[in-house]
Amino acid sequence: MERAAISPSLSQNYLLCPSRAFTTSLHSFSSTRNLSPSSSSIKLQHSSSSSSSSVSSKFINGGNSLTQCNAVLSNSSSRDVSELADIDWDNIGFGLKQTDYMYVMKCDLDGEFSNGGLQRFGNIEVSPSAGVLNYGQGLFEGMKAYRKEDGKNILLFRPEENAIRMRNGAERMCMPAPTVEQFVEAVKATVLANKRWIPPAGKGSLYIRPLLMGTGAILGLAPAPEYTFLVYVSPVGNYFKEGVAINLIVESEFHRATPGGTGGVKTIGNYAAVLKAQSIAKAKGYSDVLYLDCVYKRYLEEVSSCNIFIVKDNVISTPEIKGTILPGITRKSIMDVAISQGLQVEERNVTVDELLEADEVFCTGTAVVVSPVGSITYKDKRVSYGEGSFGPISKQLYTVLTSLQMGLSEDKMKWTVNLS
Ligand code: COI
């Protein structure tokens, strides 16, 4: 039987609030009550009765109640990795698996987010006239949590970097954004509330998807009057079905971004814009599309879902950030890892000709981690790299980064955040 693994011994204190449907009866919660479809036993308490295993929390539910409460699990000390969700951990793939809780926090015209809390994972209600639906006022982030080999400790990777990137994107999209602290606390709360969905070490990770949306109703073109920050999670395995090396096609007609546009922020429209080229490429058997700059149609930009690197004579090069490329956190981390390994790294304009003559090509991103490129097709010319797997440099960088992310090596960079 599946059970929630929300440990009260966690250092943060998170209120597990029921969704709106439960709001009115929240005050009457005094004993163990099943909130999970899979019979998790979650006890909601008022903060005044906090015990040693549940410290007071200021979390508020996503409804309109301002009740304070704490979440604890009955018999919680005995629950941990042994209480994983009952799924096939060897075949997770990269698709949504509904988990137990999501985090919701709202903000109205005052621009301040407040009263965030955990709710049961489920559909949300928005006006047909919501800014995000009508004018694409939306941003998202992608992050991962890994379970360490001890089965207990959970590692987040540089969560404040995602918070900062969301804030930068929000500024470009005329949206208010949660503070870095609010963002990180919401992510921690969501991960811990869904702990049973974090794959065992070596089986994958918990993908974390923070969203920022204009949910207020607006008809004339203008920023929405209300915003929602939401975090949900899903266990994931490999992003690409290919497993290891991917096959890319260079796209020279469709473009992902333009100078002065929004290509440098993680707005939802950037991803809608690549679906056409990606669908055509996938129908032809390619893994994904590599875009070129829209002015000269000569310089590499990025792949639909990740950043791109080339290696030539042991020098690593990647397109520089100048507003049309997403400033990837894995991209930045890989550059730092490479430098720490004594490798030379260049951020600059990289031409498609250099790509075709590279020794190794690889992609980076939260979802794809470090994915070696097995072949590139450009204008009917196909170039292959390596033996359909990692080249020596991409292998080295992948190993150093993922060992650190999974807690297999000492985190000298101080990038990981431990939740236990
Ligand atoms: C990520 O790598 O987290 C992303 O947001 C890319 C997305 C297309 C899966």
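The values are calculated or read from the model by the stated rules, or taken from the named source; none is laboratory data. Remember, predicted model here, so these are calculated numbers, not experimental data. In this analysis, Cβ positions are derived from the backbone assuming ideal geometry, glycine residues included, and neighbour counts consider all displayed protein chains. Calculation scope for accessible area: heavy atoms of the full protein, side chains included, ligands and nucleic acids excluded. Shrake-Rupley method; radii C 1.70, N 1.55, O 1.52, S 1.80 Å.
Counting heavy atoms of the protein chains only and a 1.4 Å probe, report the per residue accessible area for the stretch 246-407 as a whole number of Å². Intermediate results must be reported in sequence, preceding the final value.
Details: 6460 Å² over 162 residues.
Ligands and nucleic acids excluded, the result is 40 Å² per residue.
Ignoring ligands, DNA and RNA, how do C294, C306 rank by accessible area with a 1.4 Å probe, largest first?
Ranked list, largest accessible area first: C294, C306.
Tell me the accessible surface of I268 in square angstrom (1.4 angstrom probe, heavy atoms of protein chains only), to the nearest ten.
Only protein atoms counted, so the area is about 60 Å².
For the pair E347 and A283, what calculated FRET efficiency results from E = 1/(1 + (r/R0)^6), where r is the Cβ-Cβ distance and R0 = 35 Å, to the nearest 0.05? Spell out each step's value before the answer.
Details: r = 33 Å, r/R0 = 0.96.
Result of the calculation: an efficiency of 0.55.
Under 14 Å between C-alpha atoms is the cut-off here; go through the stretch 101-236 and count lysine pairs that meet it, provided they're at least eight residues apart or on different chains.
Value for the stretch 101-236: 6.
A130's amide H: which non-local residues (gap 5+, or another chain) put their own amide H closer than 5 Å, with H modeled 1.01 Å from N in plane and none for Pro or chain starts?
Here I218 satisfy the definition.
Excluding same-chain residues fewer than 8 positions from K282, which aspartates and glutamates have a Cα within less than 18 Å of its Cα?
Counting by Cα, and skipping residues close in sequence, K282 has these aspartates and glutamates nearby: E242, E251, E253, E302, D380.
Can you work out ³J(HN,Hα) from phi for every residue in the stretch 234-246, in order, using Karplus 6.51 cos²θ - 1.76 cosθ + 1.60 and θ = phi - 60°, giving whole Hz and x for Gly and Pro?
For the stretch 234-246, the Karplus curve yields 7, x, 9, x, 5, 6, 8, 5, 4, x, 10, 6, 10 Hz.
Label points 7 Å out from Cα along the Cβ direction at A217 and S127: separation in nm?
A separation of 0.5 nm, rounded to one decimal place.
Quick check: Cα centre of the stretch 179-249 to Cα centre of the stretch 286-317, how many Å?
Measuring centre to centre over Cα atoms gives 25 Å.
Expressed as a whole percentage, what fraction of the accessible surface of the stretch 225-359 belongs to carbon and sulfur atoms when a 1.4 Å probe is rolled over the protein heavy atoms?
Values: 2690 of 5420 Å².
Summing carbon and sulfur atoms, their accessible area is 50 percent of the total for the stretch 225-359.
Once you have a ≥ b ≥ c as the square roots of the Cα gyration tensor eigenvalues for the stretch 178-220, tell me rounded if a/c is under 1.5, and otherwise prolate or oblate according to whether a/b is larger than b/c.
prolate
How far apart, in nm, are the 7 Å Cα→Cβ label points at D88 and Y271?
The answer from the label model is 2.5 nm.
Which residues in the stretch 328-371 have a backbone N closer than 14 Å to a point placed 7 Å from the Cα of N314 along the Cα-to-Cβ line?
339, 341-345
Can you send over the solvent-accessible area of K322, 1.4 Å probe, protein chains only, in Å² to the nearest 10?
We get 110 Å² for K322.
So what J values fall out for the stretch 313-327 if you push phi through Karplus, 6.51 cos²θ - 1.76 cosθ + 1.60 with θ = phi - 60°, rounded to Hz, Gly and Pro as x?
Rounded to whole hertz, the list is 6, 6, 9, 9, 10, 8, x, 6, 7, 9, x, 10, 10, 5, x.
Mind listing the phi-derived Karplus ³J(HN,Hα) values for the stretch 92-106, rounded to whole Hz, using 6.51, -1.76 and 1.60 with θ = phi - 60°, and x for any glycine or proline?
7, x, 10, x, 5, 10, 5, 10, 8, 10, 10, 10, 10, 9, 10
Over the stretch 101-236, give the accessible area per residue in Å² for a 1.4 Å probe, as an integer. Spell out each step's value before the answer.
Details: 4900 Å² over 136 residues.
That works out to 36 Å² per residue.
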